[in-house]
1. Quick one: which residue in 180, 141 is closer than 30 Å to residue 406 by Cβ and of a type in the set (Phe, Trp, Tyr)?
2. Take the conditions away from the ligand (no atom under 16 Å from the Cβ), within 18 Å of residue 295 (Cα to Cα) and modelled with pLDDT of 95 or more and apply them to residue 328. Does it pass?
3. Tell me whether the range 433-448 contains one or more residues that are touching a strand residue (DSSP E or B) at 6+ places or on another chain (Cβ under 6 Å) and either in contact (Cβ under 8 Å) with a residue 60 or more places away in the chain or not hydroxyl-bearing (Ser, Thr, Tyr) (or both).
4. Which residues, counting only those in the range 168-184, are part of a loop (DSSP other than H, G, I, E, B) and over 13 Å from residue 228 (Cβ atoms)?
5. Taking the range 146-167 as the search range and keeping residues that are part of a strand (DSSP E or B) and out of contact with any Asp or Glu (no Cβ under 7 Å at 6 or more places or on another chain), which one is farthest from residue 228 (Cα to Cα)?
6. For the range 300-314, does any single residue satisfy the condition of being within 12 Å of the ligand (Cβ to nearest atom), in a helix (DSSP H, G or I) and not acidic (Asp, Glu)?
7. Could you tell me which residue of the range 250-264 is surrounded by the fewest Cβ atoms within 10 Å (Cβ to Cβ), considering only residues that are more than 16 Å from the ligand (Cβ to nearest atom) and of a type in the set (Gly, Ala, Ser)?
8. Given the condition in contact (Cβ under 8 Å) with a residue 60 or more places away in the chain and farther than 30 Å from residue 64 by Cβ, answer yes or no: does some residue in the range 159-170 qualify?
Amino acid sequence: MSHTPLRHTFALLSLLVLVLGPVGCGEGALDDTVPEVEPRPVEALQLGALAERAYAGTEVSSNADVLLDEIGPRISALPSGERAQDFVEERLQAYGVENVRQEPFELLAWDRRSAELQVLEPAALGDATFNILSLGHVGSYDIEAPLLDAGYGTAEEIEALGDEVEGTIVLVDVGSPEGYGRGVHRTEKVTLATRAGAVGFIQVNNREGPLVPVGVATLGDEPTEIPAAAVDLESGTRLLEALAEGPVEVRLVLDNWMERSTAANVLGDIPGATDEVILVGAHLDSWDLAQGAVDNGSGSLAVLDLARALAGHVEATGETPLRTLRFAFWMGEELGLYGSHAHVDAMMRQELTDRYAAVLNLDVVGAPVGLGAMGRPEAEDFMARVRAPLVEAGFELDETHSTGGGIYSDHQPFLLQGVPIVVVRSRQLPEAAGVSHTTADTREVIDEDGISRTAAVSAALLWALANEPELPVITWEEDEIGVKLEELGVRDPLERAGDWRWD
Ligand SMILES: [Zn+2]
């Protein structure tokens with residue numbers, strides 16, 4: 001554990017300002033380097049009142065009218081995504097957030113056209129139709145090959161199948177084996193199958209009903225090497241039953257649009273007294289099949305609403321936070337974290353990474369449940385101090401300080417640089433279970449009141465992070481990041497994605 005000099009120097013100098021005050025001695029000299037803002041610990045911030053005001057003024061529903069009902073699905077590099085970028089930009093400006101800008105980046109843009117699966121053998125299934133959708137970053141294909149049941153498609157199962165995988169289209173359950181210890185992401189499964197010689201990949205949903213969850217099939221910046229698609233449980237079960245009887249030969253036809261293009265993140269700031277940054281972000285893009293209400297209209301609406309609340313707080317009180325608050329709406333997340341990656345890469349080139357003192361990522365948001373910080377038990381006391389006034393103000397938050405963390409969302413590029421990731425855990429409505437990346441991700445299943453409360457709780461946490469004299473979370477040094485990530489249990493998937501740079 002090491003300390004970032006900037007943070008320390010600042011805390012010390014600020015204390016000097018407090019102690020020396022306007023007593024003359026060195027006042028002018030100090031003014032050049034030290035802002036006249038007092039660091040304010042949590043207890044001085046009246047976080048309960050701040051969160052109550054945030055909640056009382058919520059605009060989550062009126063913003064959902066535009067973001068979800070008018071704009072709908074938000075595809076990176078296509079007009080729908082650009083409309084969403086412009087809407088968020090306009091809202092941030094209207095709320096009084098400063099330095100609002102769009103930050104363009106390049107990506108491999110993708111959109112679906114059609115998908116079809118036909119059984120050639122056994123002939124009895126020749127007329128059967130299947131509920132099938134292409135996965136993302138898959139091009140256009142027309143192939144014929146035998147099917148193979150590959151279980152959950154884990155590394156162990158693919159290895160056990162050995163040469164059998166070669167030349168087949170693997171059928172893979174969307175979930176992970178019981179007791180496996182971690183979820184196995186579809187991008188990992190596609191990579192494993194491709195390396196083992198499969199010529200196609202079909203993911204089978206594990207929930208009853210007609211839903212077919214999709215998602216990007218590679219995390220890299222390249223198209224998949226094989227066609228990859230997904231089917232609902234009933235379609236998958238029919239294929240698996242046929243396979244249990246004997247060989248099954250299919251024709252898989254996928255047609256998709258794919259092009260190198262440009263999308264843009266939308267960012268805005270509440271400038272602090274220093275250029276240290278507390279960032280809160282949500283991905284604004286969604287899948288094409290529905291409104292993307294849960295994933296991630298919910299998080300986008302939350303960040304928009306907490307930006308409104310915090311800008312309003314600054315305007316009403318005239319207070320300047322110690323650290324700069326930055327609001328980020330990432331595009332290209334669903335196609336492989338493009339927007340957040342581009343932002344972090346640009347910062348690294350400017351050697352600015354260590355300015356980011358903490359990052360909060362809101363991806364799939366419901367009613368608030370609790371607070372945490374990934375891999376950082378040392379933040380427990382701070383989080384308890386933030387929680388206390390919020391609970392008193394009527395926001396239900398449990399006492400668990402969660403330290404777990406995963407990858408595959410926009411905090412990942414920051415986490416991999418050792419930047420502290422703070423967490424606001426939230427709970428979806430029961431009817432939202434399993435709707436992400438499907439045709440059922442509509443406004444009816446989101447909890448707009450819960451999102452408003454999570455926005456209020458998050459606003460309070462961010463305000464505390466922006467003002468606390470010395471934060472309990474410190475950016476990890478390069479040589480300790482690998483150890484910490486291993487403790488978080490994300491080494492395996494990072495290795496498979498080629499993102500592991502430690503021994
Ligand atoms: Zn998401």
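1. Every option except 180 fails the conditions.
2. no
3. yes
4. Hits for the range 168-184 are 168, 175, 176, 177, 178, 179, 180, 181, 182, 183, 184.
5. Only one residue fits best here, namely 149.
6. yes
7. 261
8. Scanning the range 159-170, I find at least one residue that is in contact (Cβ under 8 Å) with a residue 60 or more places away in the chain and farther than 30 Å from residue 64 by Cβ, so the answer is yes.
The values are calculated or read from the model by the stated rules, or taken from the named source; none is laboratory data. Only a predicted model underlies this, so the values are computations on that prediction, with no experimental measurement involved. As a convention, Cβ positions derive from the backbone with ideal geometry for all residues, glycine included, and neighbour counts pool all protein chains shown.
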